[in-house]
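Worksheet: the structure to be examined is printed underneath.
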Amino acid sequence: MDSVESLWEMVRDSRHCVAFTGAGVSTLSGIRDFRGKNGLYKTVDADRMFDIGVFRRDPSVYYGMAKAFIYDLQAREPSICHFALAEMERRGFLHAVITQNIDLLHTRAGSKNVIEIHGSPATHRCLKCGETRSFEDAARAVRSGSLPRCTACGAVLKPDIVFFGENLPSAALEKAEAEARSADLLLVLGSSLVVYPAAGLPRLTLRQGGSLVIVNDNPTPLDAYASLRLTDLGETFTALSAAMGAS
């Protein structure tokens, strides 16, 4: 049986299917991943870029490095993978998307139940008084060469992205853990499964007797536990979209 046909049968037959997505999903939209052969870590000191201590001392480090990476997201479009997951949810085949990504593309593609375990730049927040501004407001300032500032106290705003030195948002993590435990099928898409605690979520599915499907171009620590292992996200989700359309 064709591997994508097997995948489609597993999705259709599942009781509670959940997707867990990493940076590989967004490379299809032209967004660089972190640890791949052309990843962000190869050219940018991402440890400093997303370090909360560095941000508190000098937020211009983050905004200078992130300008082209995060604040040009309006130029990026969701990929076939993003759109297919949204369609799967719309048709009742997918219960939730748990994502490590901070690019907002799942929401732009139409997914409704998106759990962003590494936070999101959708909101920028003042660390002093708590005032918030939207991504669009912050992006306009960054693209103009300025730093987005709080209108109440003048402090530089921080995106609600989880930086190194910060905890994952507890509500999102709890929701993600509940979805992983409930899933009888977890689709692991474009994740190397090396960044914890997020990478521990598929193990929760396995412990509850659920199945894993892994689609990633590089090996992962859980490949031996996957019921189905594929490598090319673009080809897989192009074919899966066609299978959905034909059903």
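Just a few scattered comments:
- For the chain, cysteines whose Cβ has no other cysteine Cβ within reach (under 4.7 Å): Cys17, Cys81, Cys129, Cys153
- Beta bridges by DSSP in the range 125-247, antiparallel share as percent, to the nearest 5: 35
- The overall shape of the range 127-167, judged from the alpha-carbon gyration tensor, is oblate: a/c is not under 1.5, and a/b is no greater than b/c.
- Surrounding net charge for Lys175, when Lys and Arg each add one and Asp and Glu each subtract one, Cβ distance under 14 Å: -2
- Normalised Debye scattering of the range 159-247 at q = 0.12, 0.13, 0.15 Å⁻¹ gives log10 I(q)/I(0) of -0.44, -0.51, -0.67, counting only Cα atoms as equal scatterers and leaving out solvent.
- Of Lys112/Lys175; Lys67/Lys112; Lys67/Lys158, pairs whose Cα-Cα distance is over 25 Å: Lys67/Lys112
- Where N is the number of residues in the chain, Cα Rg divided by 2.2 N^0.38 Å: 1.03
- The fraction of Cα-Cα pairs per 5 angstrom bin, counted from 0 for the range 41-109, comes to 3, 14, 19, 17, 14, 13, 10, 7, 3, 0 percent, rounded to whole percents.
- Heavy-atom accessible surface of the range 179-247, averaged per residue, reaches 42 Å², computed with a 1.4 Å probe.
- Applying 1/(1 + (r/R0)^6) with r as the Cβ-Cβ distance of Gln74 and Asn113 and R0 = 22 angstrom yields a FRET efficiency of 0.40.
- Rg of the Cα atoms in the range 90-196, relative to 2.2 N^0.38 Å, amounts to 1.24.
- Bridge type composition, the range 63-195 - antiparallel percent by DSSP, nearest 5: 75
- Among Gly119, Cys129, Leu222 the positive-end extreme of the charge dipole of the range 113-247 (Cβ point charges): Cys129
- Portion, in percent, of the accessible area of the range 101-247 that falls on carbon or sulfur, probe 1.4 Å: 49
- Rounded to the nearest 500, the 222 nm mean residue ellipticity of the chain from helices alone is -10500 deg cm²/dmol, with -39,500 (n - 2.57) taken per DSSP H run of at least 4 residues.
The values are calculated or read from the model by the stated rules, or taken from the named source; none is laboratory data. Values in this document were obtained by computation on a predicted structure and should not be read as measured data. Cβ coordinates were reconstructed from backbone atoms using ideal geometry, including for glycine residues, and neighbour counts include every protein chain displayed. Accessible surface areas use protein heavy atoms only, side chains included; no ligands, DNA or RNA. Shrake-Rupley method; radii C 1.70, N 1.55, O 1.52, S 1.80 Å.
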